[in-house]
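Asker: Provided herewith is a single structure, encoded as structure tokens, for subsequent inquiry.
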Ligand SMILES: Cc1ncc(COP(=O)(O)O)c(C=O)c1O
């Protein structure tokens, strides 16, 4: 089949089987919207066909990717000397951070995990909040910790770890623990109290890893950064570029304060690979060796937005989330279950203590109407309609359309029941 026909066919095949995820009316999950300048740069990445795993042949790519790492670290006010790797997304960034932690915590107990693996290795206690995202649990499994060995710590009504419960849990740890904290709870957008928790981990000589897939971006906004007070004291951080930076999929970043454990756990240098004088070898900090030049679209977006553009984007979305919460909660019969900490809004019908049927009916009706697209979730034992404000193009009218669609659908569903 001729090439042009193949492409035409693919376009036809896909028709009806794609979703308007990059539209400013898509409020589902927590997804960025593929910023056009990033998409243009992504075409270059594919057309160039570069393997970005080694700096030897592609110093231009390494330079751009290194700039992305440095700029993101600077934007988030994280330690300038941190190591960083550009990975596929939040889950893998969590895995890489956790593997760096695994290296360091076991090395401190005299165990070389890269040489000797995990069979027979000393214990590392793992603490994580009960309302953490599923991604760090998966990452812990990939890193060999086993999900059921992880101790979950009680959280408050917004999903933030309770300091008292944390103190009790960490006091029970007989060895320096790996502690996973969260910047941005998926349903409420809330932040763990880093300034209270991290000093307790320091006392125990543990490692703090922060899953900040979307929420860590608030650190780039001076007027909002106090919501994450103390987050910069952690040891490693996971962040998505395909969320708030709106990079095309897939793009995430792991940042580790001390680069050495990251490199020890990730490096894939083989004897056949050219020796380079480049200290910052891309494949030293990521699980992949061969890979696309995934940092280039983020480079383009960061150059386009600049520091002020990123700050304004994140702040604007947080304001839109407040606007949605205000409008929806003014409708008798609809409840916003969370305080607005960032960009997530959790909505249910009534107080949500019924079986959640009405809430799910309302959600389906909104989705079927096709004007806006929130998705579902479960929060505090209730079914919820979850709205995430994160697409680069979202404006007040999109937020208002979402609120109106939810309110109208609710009124229709209630009328149907009567
Ligand atoms: C808090 C949090 N952590 C991790 C992830 C996983 O990120 P990814 O889907 O990029 O692997 C998500 C995705 O929504 C998230 O919200």
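Asker: How much of the DSSP bridge set in the chain is antiparallel, in percent, rounded to the nearest 5?
Answerer: So the antiparallel bridges amount to about 60 percent of the total.
Asker: Could you please rank 349, 69, 413, placing first whichever residue has the fewest other Cβ atoms within 10 Å of its Cβ?
Answerer: Ranking 349, 69, 413 by Cβ neighbours within 10 Å, fewest first, gives 413, 69, 349.
Asker: Among 36, 59, 261, whose mean-square fluctuation peaks in a Gaussian network model of the chain (Cα, cutoff 10 Å)?
Answerer: 59
Asker: Could you work out the pair-distance distribution P(r) of the range 5-51 from its alpha-carbon pairs, with 10 angstrom bin width and percents rounded to whole numbers?
Answerer: Taking every Cα pair in the range 5-51, the percentages come to 21, 32, 41, 5.
Asker: Give me the extension gain from residue 404 to residue 223: residue separation times 0.36 nm, minus the current Cα-Cα distance, reported in nm with one decimal.
Answerer: 62.2 nm
Asker: Using Cα pairs closer than 8 Å and at least 6 residues apart in sequence, work out the relative contact order for the chain, in percent.
Answerer: That works out to 24 percent.
Asker: Okay, moving on. Whole percent per 10 Å bin, from 0 to the bin with the longest distance: what is P(r) over all C-alpha pairs of the range 36-301?
Answerer: Computed distribution, short to long bins: 7, 32, 35, 20, 6, 0.
Asker: While we're here: Over the Cα atoms of the range 189-329, how large are the radius of gyration and the largest Cα-Cα distance (Dmax), in Å?
Answerer: Answer for the range 189-329, Rg first and Dmax second: 17.9, 62 Å.
Asker: I need the Kirkwood Rh of the range 133-249: take the reciprocal of the average 1/r across all distinct C-alpha pairs and report it in angstrom.
Answerer: For the range 133-249, inverting the mean 1/r across all distinct Cα pairs yields 14.7 Å.
Asker: For the chain, modelled as a GNM with alpha-carbon contacts under 10 angstrom, which of 377, 110, 63 fluctuates the most?
Answerer: 110
Asker: Among DSSP beta bridges whose residues both lie in the range 189-342, state the antiparallel percentage, nearest 5.
Answerer: 60 percent
Asker: For the range 6-84, calculate the relative contact order in percent as a whole number, restricting contacts to Cα pairs under 8 Å that are 6 or more residues apart.
Answerer: 11 percent
Asker: Could I ask something else about it? Determine the gain in length on full extension of the stretch residue 60-residue 109; use 0.36 nm per residue of separation and subtract their C-alpha separation, reporting nm with one decimal.
Answerer: 13.6 nm
Asker: Taking neighbour Cβ counts within 10 Å as the exposure measure, how do 65, 396, 281, 3 sort from fewest upward?
Answerer: 3, 396, 281, 65
Asker: Given R₀ = 45 Å, what would the calculated FRET efficiency be for residue 322 paired with residue 258, taking r from the Cβ atoms and rounding to 0.05?
Answerer: Given R0 = 45 Å and the Cβ-Cβ separation, E is 0.75.
Asker: For the chain, what is the calculated [θ] at 222 nm in deg cm²/dmol (nearest 500), taking -39500 (n - 2.57) for each run of four or more DSSP H residues and dividing by its residue count?
Answerer: Theoretical 222 nm ellipticity from helices: -13000 deg cm²/dmol.
Asker: How would 18, 178, 305, 334 line up from fewest to most surrounding beta-carbon atoms within 10 angstrom?
Answerer: 18, 305, 334, 178
Each reported figure results from applying straightforward, stated rules to the coordinates on display, with no laboratory input. In this text the structure is predicted, and so the values were computed from the model without any measurement. A quick note on method: Cβ atoms are made from the backbone with ideal geometry, for glycine too, and the neighbour counts reach across all protein chains shown.
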